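Heads up: the structure comes next, in structure tokens.
The values are calculated or read from the model by the stated rules, or taken from the named source; none is laboratory data. Remember, it's a predicted structure, so these values are computed and weren't measured experimentally. FYI the Cβ positions are ideal-geometry reconstructions off the backbone, even for glycines, and counts take in every protein chain you see.
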């Protein structure tokens, strides 16, 4: 019972704390395309069109690489399935935990802990 409580607290607290610490200590990256474009605007404005064109080509190449296995438009049922996988897992975790508590189902503690961490991290990403 204590391990379940610790896993739930861990899954609920760690992702927001990690994001906060990352933003607090690492800070934003200073070498961005916008910063480069701003620097070019003040130093060499004649190079700006080539820079913008190269950035467009870079983002187009990244997009084509990311979508390399997608041919045409992704069907609606695939998009819907992708969007419900995590919420269904959270609902399953809640129902499984209730059933395990009231009906005495026994499962491996490792599996139960992983399920609770996943479910609470999804809740923390929605609420915090």
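The table that follows gives values for the structure above.
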read-out	value
Residue check, residue 71 under 30 Å from residue 108 (Cα atoms) and either exposed (fewer than 10 other Cβ atoms within 10 Å of the Cβ) or in contact (Cβ under 8 Å) with a residue 24 or more places away in the chain (or both)	no
Which numbered condition residue 57 misses (of (1) farther than 30 Å from residue 112 by Cβ; (2) in contact with a helix residue (DSSP H, G or I) (Cβ under 8 Å, 6 or more places away or on another chain); (3) modelled with pLDDT of 85 or more)	(2)
Qualifying residue in segment 26-49 (condition: assigned to a helix (DSSP H, G or I), out of contact with any helix residue (DSSP H, G or I) (no Cβ under 7 Å at 6 or more places or on another chain) and within 30 Å of residue 123 (Cα to Cα))	yes
Positions within segment 18-45 being within 30 Å of residue 116 (Cα to Cα) and either touching a residue at least 12 places away in the same chain (Cβ under 8 Å) or exposed (fewer than 12 other Cβ atoms within 10 Å of the Cβ) (or both), in sequence order	18, 20, 21, 22, 23, 24, 25, 26
